[in-house]
Amino acid sequence: MALASMKNPCYKPSGKEPKQLSEGTMADVNRGRRPLSPHLSIYRMVITMFVSIVNRITGVGLAVPAIMVVAWLTAAAMGPETLECANRIMTHWIAIIIWVGSIWALWFHFLGGLRHIWMDFGLGYDLPTANTTGWVVVAGSFMLMLLTVWLLLV
């Protein structure tokens, strides 16, 4: 008896019972020769894809400077000796690179969020506008990062 006819009160035999799948047939035929789902390797990277992926990465990555700020504030609350030690760590050249990268990530994520809100209103879905706003997010984040760093150093 076919699987379709078991415990199904609405089943009406048509005379053509479905063929039972056995090991190595139908779904298993192409296994190993094709991806299980679309993957980045089969798509050409376009600006809209790049902005979407990097926006998610920057959102997660902004946890690093948040932890650094909390550590610095904790050190400030613990006393002058601990604050001095934290200041030495936070002004090390590696920490400076992390701070500058974090400023860029913050601006990128902010501009990507504005773009996303704009698109939530149904605007900017045509291809030229989507590409333009993607490039605005990329270029704007670098320009705003440079402006922020310049203002911090002046």
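The values are calculated or read from the model by the stated rules, or taken from the named source; none is laboratory data. Keep in mind the model is a prediction, meaning the values are calculated, not measured. All Cβ positions, even for glycine, are placed from backbone atoms using ideal geometry, and neighbour counts span all protein chains on display.
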Point to revise | Positions within the stretch 57-80 being touching a helix residue (DSSP H, G or I) at 6+ places or on another chain (Cβ under 9 Å) and not aliphatic (A, V, I, L, M), in sequence order | key: 58, 59, 61, 65, 72, 74
Practice item. Please work out if residue 24 is modelled with pLDDT under 95 and either touching a His at 6+ places or on another chain (Cβ under 8 Å) or not in a helix (DSSP H, G or I) (or both). Key: yes
Review point. In the stretch 50-68, which residues are surrounded by 12 or more Cβ atoms within 10 Å (Cβ to Cβ) and either over 24 Å from residue 131 (Cβ atoms) or touching an Asp or Glu at 6+ places or on another chain (Cβ under 7 Å) (or both)?
Key: 61, 62, 64, 65, 68
**Study point:** Test result for residue 53, part of a helix (DSSP H, G or I), closer than 28 Å to residue 151 by Cα and either of a type in the set (A, V, I, L, M) or modelled with pLDDT under 95 (or both)
**Key:** no
**Study point:** Close pairs from the stretch 134-149: first over 21 Å from residue 117 (Cα atoms), partner surrounded by 17 or more Cβ atoms within 10 Å (Cβ to Cβ), Cβ under 7 Å, at least 6 apart
**Key:** 145/103; 145/104; 145/107; 148/103; 149/103
